[in-house]
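Peer 1: Right, I'll just put the structure down here and ask away after.
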Amino acid sequence: MLFLSMPPAAPNQPFGPKFDEALLLAHDLHRHDIRKGTGRPYISHLLGVCSLVVDYGGDEEMAIAALLHDAVEDHGGRPMLEQIRERFGDRVAHIVDGCTDSYVLDASQKEPWLQRKQEYLARIVHEDTDTRLVSAADKLYNARTIVRDLRLEGLTALDRFNGGRKNTVWYYDELVHAYRHAGTNDLVEELANVVDEMKRLTGYNRPAEMPRIASQEPC
């Protein structure tokens, strides 16, 4: 798939006004959102994911997609995706789409957690490299937060998630296998290290009742 992209920023040069626009949009959309169980402003997550994308070699459009990666599933579904396409172009919209697991207009009416996660695991292996990098950055930021909170709070840190304790760990473990299956990189391997620590802290190592998705098995 080909996209018409904005001119890339020169090495060590600041991003352009489209990045500013995306940052303002992300803050406006998520202004009243907080991180589960922490009370921290949600923008901290979006900025953290964006930072990881840039640190691991992402360009301006990937950084913009990182800022907006939760906009569709949390604030407006497909109409929001089309707004992103109109304002930031096809490539940004494509990456955001690849980071989305629900398109409902009302975020409180999302499909069941397990259904969304299984469908996303089957889908992410077919996404392009740039989309997988932004997706994996999102998961790395979350996994690091979970590990930190596990050290501070113990297993109760997992109770804030819709998947519960074992299924949350299962999902992150499956994501590592999915990303590796599609083609690993330094970010994915860092995620693998963090997920290994998550499993060590919890004692959950691929729960038997949650077998690996068939599409993730090595060829």
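The values are calculated or read from the model by the stated rules, or taken from the named source; none is laboratory data. Note that the structure is a prediction, hence the values are computed from the model and not measured. Cβ coordinates were reconstructed from backbone atoms using ideal geometry, including for glycine residues, and neighbour counts include every protein chain displayed. These accessible areas exclude ligands, DNA and RNA; they are computed on the full protein's heavy atoms, side chains included. Shrake-Rupley method; radii C 1.70, N 1.55, O 1.52, S 1.80 Å.
Peer 1: Suppose the filter is at pLDDT below 95, open to solvent by 70 Å² or more (accessible area, probe 1.4 Å) and not charged (D, E, K, R); does M6 pass it?
Peer 2: It is false that M6 is at pLDDT below 95, open to solvent by 70 Å² or more (accessible area, probe 1.4 Å) and not charged (D, E, K, R).
Peer 1: Enumerate the pairs (first residue in segment 62-86 and on the phi > 0 side of the Ramachandran plot; second residue anywhere and at pLDDT below 95 and open to solvent by 10 Å² or more (accessible area, probe 1.4 Å)) with beta-carbon separation below 8 Å, excluding pairs fewer than 6 apart on the same chain, so at least 6 apart or on different chains.
Peer 2: Qualifying pairs under 8 Å: G76/L105; G77/Y103; G77/V104; G77/L105.
Peer 1: Determine which single condition R31 fails, assuming it passes every other condition in (1) free of Cβ contacts under 8 Å to residues at least 24 places away in the same chain; (2) buried (at least 20 other Cβ atoms within 10 Å of the Cβ).
Peer 2: That leaves (2) as the condition not met.
Peer 1: Would you confirm, using the coordinates I've provided, whether D106 is modelled with pLDDT of 95 or more and surrounded by fewer than 16 Cβ atoms within 10 Å (Cβ to Cβ)?
Peer 2: Spelling it out, it is not the case that D106 is modelled with pLDDT of 95 or more and surrounded by fewer than 16 Cβ atoms within 10 Å (Cβ to Cβ).
Peer 1: Looking at (1) within 30 Å of D159 (Cα to Cα); (2) in a helix (DSSP H, G or I); (3) open to solvent by less than 30 Å² (accessible area, probe 1.4 Å), which one does S44 not meet, given that it meets all the others?
Peer 2: Result: S44 fails condition (3) only.
Peer 1: Also, quick follow-up: What single numbered condition from (1) in contact with a Pro (Cβ under 8 Å, 6 or more places away or on another chain); (2) modelled with pLDDT under 95 fails to hold for D59?
Peer 2: Unmet for D59, out of (1) in contact with a Pro (Cβ under 8 Å, 6 or more places away or on another chain); (2) modelled with pLDDT under 95: (2).
Peer 1: How about segment 125-205: which helices (runs of 4 or more DSSP H) wholly inside it have at least 3 residues that are touching a Cys at 6+ places or on another chain (Cβ under 8 Å) and crowded, with 20+ Cβ neighbours inside 10 Å?
Peer 2: 129-153
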